[in-house]
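The values are calculated or read from the model by the stated rules, or taken from the named source; none is laboratory data. Nothing here was measured: the structure is a model prediction, and the numbers come from that model. Please note: Cβ atoms are built from the backbone with ideal geometry, for glycine as well, and neighbour counts cover all protein chains shown.
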Amino acid sequence: MKNSVLIIDDDKELCELLTQYLQLQGFSVESTHDGAQALRQLQRKQYDVLVLDIMLPGMHGLDVLRELRESNNTPVLMLTARGEDTDRIVGLELGADDYLPKPCNPRELAARLRAILRRANNAAGQGSKPTEVTAGDTTLNSGSRTAVYRDRALSLTSAEFNLLKLLVERAGQVVDKETLSQEALGRPLTAYDRSIDVHVSKIRRKLSAAGAGELILNVRGLGYQFALDE
């Protein structure tokens, strides 16, 4: 079965170009050019992954993402203006899975979508093989995709779960950002890419809200380390 993609972008020519390319790559593609319309469409139909332009007229793309995440966990890849780091960071904090700057290369877009879908499919496939990993008071279950610190649940996105699981599995070791990007996000780390840092920052805040101390350490120039509770 083909993976379904909804492109939300007001640039109709770009939508046509991306639709043609992605269809050749085996995706089923639809597009809409208005954020509010996209939200209504998502209430009627489920897609495997969304491509969301941040700079939409009327309802801003970040507002679409914020409202979407209140009830919908469909993976989202953002399209952002080149150089707009703030939009990328805010988008990741709101629950986007990945981003690409515009104008984007259709081949790179297809590769990123496949990485997102592999992550989602792997998560779904683990449902019949529940395994737990624990470090100190932090436990993650790969079957149910749940995480807890002591008795408090951590509400994590797919990317955050993958990152925390990888760090917990290697507690006490420094894991470099390239490894985190490859194994948790499913793609190579690129220059000036702050996705890992933003996801880790969100995980830290969620652990802190659950009563944890500073468990994820930044080892300057090397990567991140999950420390056991003192």
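Restricting the search to region 192-225, which residues are of a type in the set (Gly, Ala, Ser), part of a helix (DSSP H, G or I) and within 23 Å of Ala115 (Cβ to Cβ)?
Initial filter on region 192-225 (of a type in the set (Gly, Ala, Ser)): 195, 201, 208-213, 221, 223.
Narrowing the set further to residues that are part of a helix (DSSP H, G or I) leaves 195, 201, 208-209.
Correct list: Ser195, Ser201.
Restricting the search to region 132-153, which residues are exposed (fewer than 15 other Cβ atoms within 10 Å of the Cβ), in a loop (DSSP other than H, G, I, E, B) and over 22 Å from the mean Cα position of the chain (by Cα)? Talk me through it step by step, then tell me what you get.
The initial filter retains those residues of region 132-153 that are exposed (fewer than 15 other Cβ atoms within 10 Å of the Cβ), namely 132, 134, 143-144, 150-153.
Restricting the remaining residues to those that are in a loop (DSSP other than H, G, I, E, B) gives 143-144, 150-151.
Those that are exposed (fewer than 15 other Cβ atoms within 10 Å of the Cβ), in a loop (DSSP other than H, G, I, E, B) and over 22 Å from the mean Cα position of the chain (by Cα): Arg150, Asp151.
Within region 1-58, the set of residues being among the acidic types (Asp, Glu) and in contact (Cβ under 8 Å) with a residue 60 or more places away in the chain comprises Asp9, Asp48.
Suppose the filter is surrounded by 14 or more Cβ atoms within 10 Å (Cβ to Cβ), assigned to a helix (DSSP H, G or I) and out of contact with any Leu (no Cβ under 8 Å at 6 or more places or on another chain); does Ala120 pass it?
Details: surrounded by 14 or more Cβ atoms within 10 Å (Cβ to Cβ): yes; assigned to a helix (DSSP H, G or I): yes; out of contact with any Leu (no Cβ under 8 Å at 6 or more places or on another chain): yes.
Yes, satisfied.
Count of region 1-22 residues, restricted to those that are assigned to a strand (DSSP E or B) and surrounded by 18 or more Cβ atoms within 10 Å (Cβ to Cβ), is 4.
Suppose we filter Leu163, Leu156, Leu228 for residues that are in a loop (DSSP other than H, G, I, E, B) and surrounded by 17 or more Cβ atoms within 10 Å (Cβ to Cβ); which single one remains? Before the answer, list the steps.
Numbers: Leu163 fails: in a loop (DSSP other than H, G, I, E, B); Leu228 fails: surrounded by 17 or more Cβ atoms within 10 Å (Cβ to Cβ).
Among Leu163, Leu156, Leu228, only Leu156 is in a loop (DSSP other than H, G, I, E, B) and surrounded by 17 or more Cβ atoms within 10 Å (Cβ to Cβ).
Here Glu214 does not fit the description of being among the charged types (D, E, K, R), in contact with a Pro (Cβ under 9 Å, 6 or more places away or on another chain) and modelled with pLDDT of 90 or more.
Among residues belonging to region 172-191 that are in a loop (DSSP other than H, G, I, E, B) and of a type in the set (A, V, I, L, M), point out the one that is surrounded by the fewest Cβ atoms within 10 Å (Cβ to Cβ). Across region 172-191, the extreme among qualifying residues is Ala191. From the list Arg220, Arg194, Arg205, the one residue that fits, being surrounded by fewer than 19 Cβ atoms within 10 Å (Cβ to Cβ), among the basic types (Lys, Arg) and within 29 Å of Ala111 (Cβ to Cβ), is Arg194.
When you look at Gly211, is it within 19 Å of Glu93 (Cα to Cα) and touching a residue at least 40 places away in the same chain (Cβ under 8 Å), yes or no?
On the way: within 19 Å of Glu93 (Cα to Cα): no; touching a residue at least 40 places away in the same chain (Cβ under 8 Å): yes.
For Gly211, the condition - within 19 Å of Glu93 (Cα to Cα) and touching a residue at least 40 places away in the same chain (Cβ under 8 Å) - is not met.
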